[in-house]
Structure formats: structure tokens, C-alpha cells
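A short write-up of the structure that comes next.
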Amino acid sequence: MTQKNVQLFVPSFDVDACLAEIRICLEKGWTGIGFKTVEFEQKFSDFISQPYCHFLNSNTNGIHLLLELLKKTRNWRDGDEVISTAMTFVSTNHSILHAGLEPVFADVDESLCVTAAEVEKKITARTRAVIFVAIGGNVGEMIKIAALCKVRGISLILDAAHSAGSRLNGKDLSAYADYSVFSFQAVKNLPTADSGLITVQTEAENQLVRQLSWCGINKDTYSRSQDGYKWLYSVDDVGYKYNGNSIMAAIAIVQLQSLDAGNARRRELAAMYADKLAGVGSLRFIAHANGEESSRHLIQFILEERNELIEYLDKNGVGTGVHYRSNTSYPMYAKNQTPNADRLSDKIISLPCHLKMEDGDVDYVVERIKSFYQH
Ligand SMILES: Cc1ncc(COP(=O)(O)O)c(C=O)c1O
């Protein structure tokens, strides 16, 4: 078989459509927070049926901002606890530490999501929130966890970095959480270059999140220009510089138009891998609990010979990934005990999944994996 090069993630852009949207910003001379960020917020808000969406420069900053907002409005104290997971990109947990809160990890099952029983075990008098990471677009026991949080009066935050366009029972996943934070980073399923978006519940939170993401200033430059550029503003908080800009929003507006179609294609790729690799070696496909409407940002398998297979595929032109190394491997999170996450972290592999892949690329990856097991 001729060697191919199949990368793990390759973002796709409708280049002409993106350039046309960016051109509008450049011709207008407005690339910062403003008309395009507002347009994207409105479009995304309609798409996910959430009333308050705020465009930001990343998910990482979005989680930090949200925790600071909740800390301020609900009188949380330094050291209060947020239940999270070891099976995530480390920035989910860094954002908890940045907010002066304590990350406490609940363990995962083979969906790679935390389970309701494990979350319940970790609840203490100091628990203020649970961050649920819908890894790869998988919802695991999210509905049970939402019910648990409601009964216990704990906020449920969805880390939606992988789940743009994921639905459960016909509703966007954000419908099951109190707050959601999306990522539109370079290789996500709605890729820009770097940006994100946060949803909040009330107009008061919406005002505050906008203020806190813009240095604590009570009116951003765009709102001021709308009122005839009033130069006078006040600074109510020591806020952050976390706002998104119109160039990223211009790209996001175009990307949103093909999000559903892209997710459908990812699910098709996942189904092909699952079918063709059934019974091969020790591979176990990670099915998604919302299989029909998962974003399928990741196509993951569990297997025994993980490191050897990664090396073999690498030599054969196939890019793979590990999502994720258990965060307990890093010194700042090492005191957490998550035996399942730690065990699975040594056995999971993510296979190539992107919209530039043809069916023949899946066949190539499958054939290489079979050849690995034959040798
Ligand atoms: C699960 C998860 N959470 C958070 C993030 C951070 O997203 P961003 O790069 O937009 O800050 C990522 C990015 O890799 C992620 O995979």
C-alpha cells in the first residue's frame, strides 16, 4: 500500500467567504470588539437557543471569567471547591486555580466523562460548582449530573470546548447546564484562530461578564461609539482583557454556517472507523451517549498497546493524539485520586478526524492498524 499522510486534525475554512467577511472589517476600519462580535453573538445565540452569549478570546479565559463572576456575585471564598475532571486539557483546571478556587477531580468511566456517582462522592460543604467536560462531544451522564447539581444547589458549568453543535434529545447541550463555555480555537470543530464564547443566565450577569472581560470598564468602545463616542466611562472592577475581536468573529460567522454539516460528516467518519475496526486487536471504540447528535470532535479507542500503535502509525504517516493525559500527572493536580482516569489515560488514542479526510483515508488508517496487529 502506498504511504499516505493522514493528519489528526486539519481545520477547514471556506477561504473566500472568510476573506469576504474579514474584508468588511478592514474596509470599515473596525477589527476590535464591535459589529462582527455582536453579529456572531446573535447568530450563535439563535443557534444554541441561549439568550446571553458573549464572544471572548478563548475558552480558557472564559472559564476563568465565569468563575470570577460567580465568586463575586455569590460570595464564594478563596479555596472553595469546584468539581472537575482529570480527563481534560489542562487549562480547564488552570482556570479554577486562577480564580483562587480548589479543583477537586471526580473520576470518569469509559465515556471519559465524570459520572454522577463519582461527582456525588466529591461533594462537600465547600463545593460551589461542577465543570462537566463533554469530551469529544460525549455527554456521558450529564443529565444525571445536572439533576444532582440542582438538588444540591451547585452550579453546573459545561466546558463545551469540544461540543459546539452537540445536541441531546434535540437540544443543544448548553440547555442542560447553568453556564457554558465554548472554544473556537484553531483545531476545534468550529475553528477560528483563537476565540471562545460564554453563556450566562441573566441580563445582570451579561452586563457584568461584558464589563469584566473588558478591564472592568462599564462601557466598551463600541457601545460608546454607538452613543456618539462618549469619552467618559467608569471602571467598576479590576477586570480582564478577555474580549473577542471582529476578525475572529468574522471567521466564526462563516464557520457556523457549516457546523451542522461538519459534525454530521465527523459522525460518519466515526461510524466507519467503529465498523471497520470492530474486533481488531484489543481496540474498543468509545461510542457517544448522544451518538446521533454528537459533535464528534474526537474519535477515540481504548487499547492495550497504545504507545506501540502510536509509534507504528507515526512511521506510517498517520497522526494520532491522546486526549488527554490524566491531569493528575501534573504536579499541581497530583494530590487528586482518579484511578480510572489514570488507567484510561494510558490506553486511549484519538484517530484522524477532520473534514478534509476522504473515505479512502479512513481505509488507509484502518489497514495500517490491522497491519500493526498482524505484525
Ligand atoms: C476540553 C478543553 N477545554 C478547554 C480548552 C481550552 O480552549 P481554548 O484554547 O479556547 O482556551 C481546550 C482546548 O484544547 C479543551 O480541549
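The values are calculated or read from the model by the stated rules, or taken from the named source; none is laboratory data. From a predicted model like this one, the values you see are computed outputs, not experimental measurements. Here the Cβ positions follow ideal geometry from the backbone for every residue, glycine too, while neighbour counts run over all protein chains shown.
Out of R267, R210, R296, which single residue is basic (K, R), touching a residue at least 24 places away in the same chain (Cβ under 8 Å), surrounded by 17 or more Cβ atoms within 10 Å (Cβ to Cβ) and in contact with a helix residue (DSSP H, G or I) (Cβ under 7 Å, 6 or more places away or on another chain)?
From the options R267, R210, R296, the qualifying one is R296.
Could you say which residue among T31, T88 is hydroxyl-bearing (S, T, Y), away from the ligand (no atom under 16 Å from the Cβ), in contact (Cβ under 8 Å) with a residue 60 or more places away in the chain and assigned to a loop (DSSP other than H, G, I, E, B)?
T31
What pairs come out if I take residues in the range 41-65 that are hydroxyl-bearing (S, T, Y) and pair them with residues that are within 16 Å of the ligand (Cβ to nearest atom) and part of a helix (DSSP H, G or I) whose C-beta lies under 6 Å away, six or more apart or interchain?
T60/S91; T60/S95
In this structure, is N61 part of a loop (DSSP other than H, G, I, E, B), farther than 18 Å from K335 by Cβ and either outside the structural domain of R296 (by TED's automatic domain parsing) or in contact with a Pro (Cβ under 7 Å, 6 or more places away or on another chain) (or both)?
Answer is no for this residue.
Please state which one of F9, F47 is within 16 Å of the ligand (Cβ to nearest atom), surrounded by fewer than 23 Cβ atoms within 10 Å (Cβ to Cβ), at pLDDT 95 or above and aromatic (F, W, Y).
Result: F9 is the single residue among F9, F47 that is within 16 Å of the ligand (Cβ to nearest atom), surrounded by fewer than 23 Cβ atoms within 10 Å (Cβ to Cβ), at pLDDT 95 or above and aromatic (F, W, Y).
Can you report the number of residues in the range 98-156 which are over 18 Å from N327 (Cβ atoms), polar (S, T, N, Q) and either within 14 Å of the ligand (Cβ to nearest atom) or assigned to a loop (DSSP other than H, G, I, E, B) (or both)?
Adding up the residues that qualify gives 1.
With Y312, Y324, Y273 as the choices, which residue is in a loop (DSSP other than H, G, I, E, B) and either away from the ligand (no atom under 16 Å from the Cβ) or outside the structural domain of E141 (by TED's automatic domain parsing) (or both)?
On inspection, the qualifying residue turns out to be Y324.
Only one of these is within 23 Å of F9 (Cβ to Cβ) and touching a Pro at 6+ places or on another chain (Cβ under 9 Å): A193, A186. Name it.
Among A193, A186, only A186 is within 23 Å of F9 (Cβ to Cβ) and touching a Pro at 6+ places or on another chain (Cβ under 9 Å).
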